[in-house]
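Scroll down for the structure; my scribbles are underneath it.
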Amino acid sequence: MAEAKKRVVVVGGGMSAKHTAESLLKKNKALEVTIIQACKFQEWPLAMPAVLVDPKRHKEALAPNPSSFQAKGIQYLYGPVTFVDPSKKTVTYKSDKGDEVVTYDALVLATGFSMPFIYPKPGCTLQERQDEVQQVASSVSEAKSVAIVGGGVVGAEVAAMVKTKYPTKSVTILSRSKVLELYGDKLQPKMQAQLEKMGIKVVVGDCSAAPKDVTLQAGEVKVGDQTVNYDVLFPIYSAGPNTSFVSHLAGCTDERGLVKVNEYLQSTQYPEIFAVGVGNQKMAYVGVAKLQPMWDLAGKNIVSFLGGKAMAVYKEAMPGTTHPPALLLGTGPNAYGFFDFAMLPVGAKVAAAVASVAFRFAPRLAAGSAATPAAAATAAEAPPAAARRSACSRFPGSSAASTSPA
């Protein structure tokens, strides 16, 4: 009698889930791999700041037909996961027909993070998402003042998109600490100065009283001793990983909702569970450059685990890259771009320095630095004209690793 196929269930609807599933089949074609995806469509989150001010482009960021994004050899099930039972090795998800249960031999959590508007609500339909985008974009268009709660990369991108599209609107970033603090003491002041030069106000202080979801009605919020009025408010910061369906499991997640994992990306409490992008392993920021090697390692380790073999140790990819190298603020003639060459591997730094000399549309290096390999370790700025040219090569507002497409 033939041995039953081992089944690996991957929970998630983004790049991490898809590529982990593909990695599993590449390592062992005999596996039965199932993806449980919350929504029956896919959307590119890095494009959503641009869609916010140009909703007609939403269709460019959408894959509405499952046949267009489903990977070959993988079973797809649709609906938000609601419960995991490690003792029975089952996953419960809510499909169109109601609660359904799937068994597993190994389970991968690749669910990404929650961020209002930037990501669709788990389980929403395509029509519901399209209606939401239209409603939010219309409210932004009609508003006189827009507040963005969150001083990270995505918050800055959204603020700049709104301001460059609608220059007469009042745009304010509310941040609990320095805006774009991830970029360090050398670059952060320059970036904040550029935001303020674009006409974006930055207010730093306790933002805990601000609404936790997109608010399309006028209101006000206290930040420290300041009161900020708004017509539309966006909380553009990570609301944590989408792991609430395992929060009942003792010792599974930490206080942030991240899965507690060992050096193999494996749960410390439940050995059949692995995490990609939502584990508590060391990672400077969540982005494609950091996630890609993790997809491959997870696939390799799960196959080894199921076969009773030794697993490989996780090592952070590009550990010297502590923040996204590129940041594009806004669209149109007043857009501005930053690129930090220090965040590139040595070989890429040399290539970038050579290109900055040879390519006539390349951004100029920061004042005082020369176009040499040594100078490539400094930051470059793209003035408005160069930023416009740069934006032509990709969807505007989609900085290379600003959000996790997990």
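The values are calculated or read from the model by the stated rules, or taken from the named source; none is laboratory data. The structure displayed is predicted, hence computed values, not measured ones. Here the Cβ positions follow ideal geometry from the backbone for every residue, glycine too, while neighbour counts run over all protein chains shown. Protein only, heavy atoms only, side chains kept; ligands, DNA and RNA dropped before computing areas. Shrake-Rupley method; radii C 1.70, N 1.55, O 1.52, S 1.80 Å.
How charged is the neighbourhood of F305? Take every other residue with its Cβ under 12 Å from the Cβ of F305, and add Lys/Arg as +1 and Asp/Glu as -1.
Its environment carries a net charge of +2.
What shape does the range 181-248 have by the C-alpha gyration tensor, where a ≥ b ≥ c are the square roots of the eigenvalues, rounded means a/c under 1.5, and otherwise prolate means a/b greater than b/c and oblate the rest?
Oblate.
How charged is the neighbourhood of G152? Take every other residue with its Cβ under 13 Å from the Cβ of G152, and add Lys/Arg as +1 and Asp/Glu as -1.
Once positives and negatives cancel, what remains is 0.
Just report the Cα centroid separation between the range 243-260 and the range 116-195, whole Å.
29 Å
Give a quick list of GluC sites (Glu not before Pro) in the range 229-304 that DSSP marks as loop, anything other than H, G, I, E or B, with at most 10 other Cβ atoms within 10 Å.
When the GluC sites (Glu not before Pro) of the range 229-304 are filtered for loop state and at most 10 Cβ neighbours within 10 Å, E255 remain.
Normalising by the residue count of the range 157-275, find the relative contact order in percent from Cα pairs under 8 Å and 6+ residues apart.
About 15 percent, as a whole number.
Express the carbon and sulfur contribution to the solvent-accessible surface of the range 178-269 as a percent, rounded to the nearest whole number, probe 1.4 angstrom.
Ligands and nucleic acids excluded, carbon and sulfur reach 47 percent.
Starting from the Cα-Cα distance between D85 and D99, subtract it from 0.36 nm times their residue separation and give me the gain in nm to one decimal.
Extra length available between D85 and D99 comes to 3.6 nm.
Return the carbon/sulfur percentage of the accessible area of the range 17-111, one whole number, probe 1.4 Å, all protein chains in place.
Ligands and nucleic acids excluded, carbon and sulfur reach 50 percent.
Where Lys and Arg each count +1 and Asp and Glu each count -1, what net charge lies around Q217 among other residues with Cβ under 13 Å from its Cβ?
Net charge in that neighbourhood comes out at -4.
Restricting attention to the range 43-152, which chymotrypsin sites (Phe, Trp or Tyr not before Pro) occupy a DSSP loop and are surrounded by at most 16 other Cβ atoms within 10 Å?
Answer in residue order: F69.
Going by a ≥ b ≥ c, the root eigenvalues of the Cα gyration tensor, does the range 28-77 fall in the rounded group (a/c under 1.5), the prolate group (a/b larger than b/c) or the oblate group?
Since a/c reaches 1.5 and a/b is larger than b/c, the shape of the range 28-77 is classed as prolate.
Over the range 12-136, give the accessible area per residue in Å² for a 1.4 Å probe, as an integer.
45 Å²
If T125, T168, T34, T111 are ordered by their accessible area, calculated over protein heavy atoms with a 1.4 Å probe, which sequence runs from highest to lowest?
T168, T125, T111, T34
Provide the solvent-accessible area of K18, counting protein heavy atoms only and rolling a 1.4 Å probe, rounded to the nearest 10 Å².
That residue has around 60 Å² of solvent-accessible surface.
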